[in-house]
Amino acid sequence: MHLRFVNMLSSFLFLLTLAACGSAPTTSQPSTAGTSMVVQVVAAENFWGSIASQVGGSHVHVTSIIVDPNADPHDYEPTTANARTMADAQYVIFNGAGYDPWMDKLLKANPVSGRKELNIGILNGKHEGDNPHMWYSPDYVTAVATKIRDDLKALDTADASAFAQSAQSFLDTGLKQYHDLIASIKASYSGTPVGATESIFAYLAPALGLKLITPASYLKAVSEGQGISAADKATVEQQIKQKQIKLLVYNAQNTPPDITALINLVKANKIPLATVTETLIPVKATFQDWQVAQLQGIKTALAQATGK
């Protein structure tokens, strides 16, 4: 832990040096009526970046920092290229709630007058220690898209009507299949007991009407890379062996040895599996295409489990 702290401190000091040695901070001002512009947007994670790109349309240029499916957003270390990108940003979107603490370093090392920042955790009343996986909550997704629309309208007043139109199109049309699938799963499988390997599924499960019975402390431990308690491990294994769960949902991008062993136990007990991921798969997918594919996988697994 001490070594990691030293490395993070060194990275922070390096970024500060980069900012100090570079050109003066860019100043961005909201556009005036009749003057169109392209707003430079930086999103910490590509799932939020996808939403920003669709809400902003041709009037934004979005750069996402986390795009590699193998990168861990929790432990990402910013690069000098990230710092240069941040120095040009007029609007920055990040998850917050302890999920991407490295963004604080980038923002402090690259101050920009007039830049807007959207901390999604603060927007949704979440803080460090809360479940940060807010992109798996349909309500939070709607709240974020609406906030991005309003922030872009403030930054670029000349294109306010375009932002309003593209945001509405995203919410009504872009997310239609996503919401339809959620409603369909809830209608057919409400109350079905399921398990999960981590808290990434904890917002989506109730939205689908599913009864997530895995201990919350187990879900949080796996999500945060902490040790699983013996009591929680025993409970989860009992739920599987006694077939108390009809389905196990796991994060395909986070399968340490304990989780791999759990997945094998689920297979041995002939319980269906479904996967979700932390970031966009494939990397060029839209937010809704990614989510729809996962929801279809969950629905198929539930049908297999229940015979419906």
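When the trypsin sites (Lys or Arg not before Pro) in the stretch 194-258 are filtered for DSSP coil states and for at most 13 other beta-carbon atoms within 10 Å of their beta-carbon, the remaining sites are K243. Nonpolar atom fraction for the chain, defined as the carbon and sulfur part of the 1.4 Å probe accessible area, stands at 54 percent. Under a no-solvent Debye model with one identical scatterer per Cα of the chain, what's log10 I(q)/I(0) at q = 0.10 Å⁻¹? Scattering profile of the chain, log10 relative to I(0): -0.61. Positive contributions from Lys and Arg (+1) and negative ones from Asp and Glu (-1), summed over other residues with Cβ under 10 Å from the Cβ of L210, come out at +3. Between the alpha-carbon centres of the stretch 208-248 and the stretch 32-98 there is a gap of 34 Å.
Each label was represented as a point 7 Å from its Cα along the Cα-to-Cβ direction; for H74 and Q226 these points are 1.0 nm apart. Exposure check, 1.4 Å probe, all protein chains in place: F170 carries approximately 10 Å² of accessible surface.
With Cβ to Cβ distances under 10 Å as the rule, what net charge do the other residues near P193 carry (K, R +1; D, E -1)?
Net of charged neighbours comes to +3.
For the chain, the 222 nm mean residue ellipticity estimated from helices alone, with every DSSP H stretch of n ≥ 4 adding -39500 (n - 2.57) and the total spread over all residues, rounds to -15000 deg cm²/dmol. Taking a ≥ b ≥ c as the square roots of the Cα gyration tensor eigenvalues, with a/c under 1.5 meaning rounded and otherwise prolate when a/b beats b/c, else oblate, which class fits the stretch 56-113? Since a/c reaches 1.5 but b/c is at least a/b, the shape of the stretch 56-113 is classed as oblate.
Here the dipole of the chain is about 860 debye; that uses its Cα centre as origin and unit charges on the Cβ of Lys and Arg (positive) and Asp and Glu (negative).
Suppose accessible area is computed on protein heavy atoms with a 1.4 Å probe; arrange H61, H133, H179, H127 from highest to lowest.
H127, H61, H179, H133
Near A230, once Lys and Arg are set to +1 and Asp and Glu to -1 for all other residues with Cβ below 15 Å from its Cβ, the sum equals -2.
A 1.4 Å probe run over the protein chains yields, for the chain, 45 Å² of accessible area per residue, whole-number rounding.
Kirkwood radius, the stretch 24-170, all distinct C-alpha pairs, inverse of mean reciprocal distance: 15.4 Å. Across the stretch 166-308, counting alpha-carbon atoms alone, Rg and Dmax equal 15.4, 50 Å.
Pairwise alpha-carbon distances in the stretch 43-89 exceed 17 Å for 37% of all pairs.
Go through the stretch 243-301 and name the chymotrypsin sites (Phe, Trp or Tyr not before Pro) that are in a DSSP coil and have 13 or fewer other Cβ atoms within 10 Å of their Cβ.
none
According to the Kirkwood relation over distinct C-alpha pairs, the hydrodynamic radius of the stretch 89-150 is 12.2 Å.
Please report Rg over Rh for the stretch 131-198, where both radii come from the alpha carbon positions and Rh follows the Kirkwood definition.
1.12
The values are calculated or read from the model by the stated rules, or taken from the named source; none is laboratory data. Here the structure is a predicted model, which is why all the values come from computation and not from measurement. No Cβ is skipped: glycine too gets one built from the backbone with ideal geometry, and neighbour counts run over all protein chains shown. SASA here: full protein model, heavy atoms, side chains in, ligands and nucleic acids out. Shrake-Rupley method; radii C 1.70, N 1.55, O 1.52, S 1.80 Å.
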